Amino acid sequence: MKTAPSAFKPHPVLNPHYQSEQEKQRFLRGLFDASAPHYEGIAKWGFFGSGHWYRFHALRDRGGLKPGMTCLDVATGTGPTARAAAEIVGRPELVTCLEPSLGMLQESARLLAAPHVQGCADFIPFKDDYFDFLSMGFALRHVDDMGQAFREYYRVLKPGGRLMLLDVILPENKFGRFLCALYFRDLLPRMTRFFTGSKEAAALMDYYWITMEQMIDSEKVLLALKQAGFLEVKKHFVTTVFGEYTAVKPLRP
């Protein structure tokens with residue numbers, strides 16, 4: 001398997017939220033733990049109820065997830081991507097949910113009778129060549145190093161295994177960025193605080209916007225996947241905001 005010559009950080013250190021790379025995961029776990037009871041509601045009304053439909057068709061129609069496959073859902077959160085995957089593969093026990101936040105993991109386990117494991121993308125606690133499919137829904141910005149995470153994705157996938165990463169990618173044109181900022185920066189955090197009463201959940205939505213704005217170029221994501229050893233690396237836009245990365249582990253190294 002190929003190794004990346006340098007780190008692919010999804011974004012720079014984000015002061016004042018945390019002051020070093022070493023503090024990032026501790027900061028995120030605290031924020032996600034506190035927001036976990038509210039997250040399902042935010043995901044539903046914040047994206048107008050389209051989340052499950054979109055994830056289901058993305059994984060099945062463009063990702064190549066099929067009935068009977070084993071799937072690892074990385075950074076599962078409260079499990080919306082894992083639930084869509086379980087519906088496709090046919091049995092929830094075929095989907096494994098991996099999530100660093102214990103609060104999020106507990107919420108997901110309440111909603112889906114699948115294996116739930118606490119862990120992170122950069123060091124996945126499973127053996128080599130274990131899963132048929134790997135998914136990640138809107139969490140790429142939260143890994144420490146995409147190069148390390150993608151090498152782990154490559155390692156745990158079986159030869160011929162498929163990968164699909166869902167993400168929010170800011171439009172290149174100024175008007176599209178203005179609309180994104182209007183919703184994700186100005187409206188969503190305020191609506192979250194109003195509907196949930198949680199300052200932590202509102203802070204998480206505010207942090208989402210900051211990471212969206214600071215996220216590295218999507219071409220670097222594609223490069224990191226290629227350097228990890230993946231083939232058929234592609235980017236697909238569903239709208240001007242929602243993007244999908246797909247790739248395949250070769251049958252032979």
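None of the figures in this text is laboratory data; all of them are computed from the coordinates on show. Just so it is clear, the structure is predicted and the values come from calculations on it, not from any experiment. Because the Cβ atoms are built from the backbone with ideal geometry, glycine has one as well, and the counts that use them run over all protein chains shown.
Just need the relative contact order of the chain here, percent rounded to a whole number, with Cα pairs under 8 Å and 6+ apart.
Result for the chain is 22 percent.
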Order of Met215, Met205, Met164 from fewest to most other C-beta atoms within 10 Å?
-> Met215, Met205, Met164
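Suppose R0 equals 35 Å. What FRET efficiency, 1/(1 + (r/R0)^6) with r the Cβ-Cβ distance, do Ile210 and Arg252 give to the nearest 0.05?
Values: r = 42 Å, r/R0 = 1.19.
Rounded to the nearest 0.05, the efficiency is 0.25.
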Kirkwood radius from Cα pairs of the range 182-245 plugged into Stokes-Einstein at 10 °C, 1.306 mPa s, gives D in µm²/s equal to 115 µm²/s
By the DSSP-based rule, helices of the chain that are at least 18 Å long along the axis (C-alpha) and have a mean Kyte score of at least -0.5 are 199-214
Quick one: longest stretch of the chain between exposed loop trypsin sites (Lys or Arg not before Pro), exposed meaning at most 12 other C-beta atoms within 10 Å and loop per DSSP?
-> 128-253
Additional length obtainable on full extension of the chain from Glu172 to Lys226, 0.36 nm per residue less Cα span = 17.1 nm
Contour minus end-to-end for Glu93 and Trp53, with contour as 0.36 nm per residue of separation and end-to-end as the Cα-Cα distance?
-> 12.3 nm
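Report, for the range 43-186, the % of DSSP beta bridges that are antiparallel, rounded to 5.
On the way: 1 of 18 bridges.
The answer is about 5 percent antiparallel.
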Mind sorting out which of (i) 17.3, 63; (ii) 16.8, 48; (iii) 17.1, 53 is the real Rg and Dmax of the Cα atoms in Å computed from the coordinates?
-> (iii)
Highest GNM mean-square fluctuation, the chain, Cα pairs closer than 10 Å: which of Pro92, Pro100, Pro125?
-> Pro125
Determine, for the range 8-135, the count of lysine pairs separated by eight or more sequence positions (or lying on different chains) whose alpha-carbon distance falls under 28 Å.
-> 6
Given just the C-alpha atoms of the range 1-115, how large is their convex hull per residue in cubic angstrom?
-> 145 Å³
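Considering only the chain, what is the antiparallel percent among its DSSP beta bridges, to the nearest 5?
Numbers: 13 of 30 bridges.
The answer is about 45 percent antiparallel.
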Note: Gln106 to Arg26 extended length (0.36 nm per residue) minus current alpha-carbon separation gives 27.0 nm
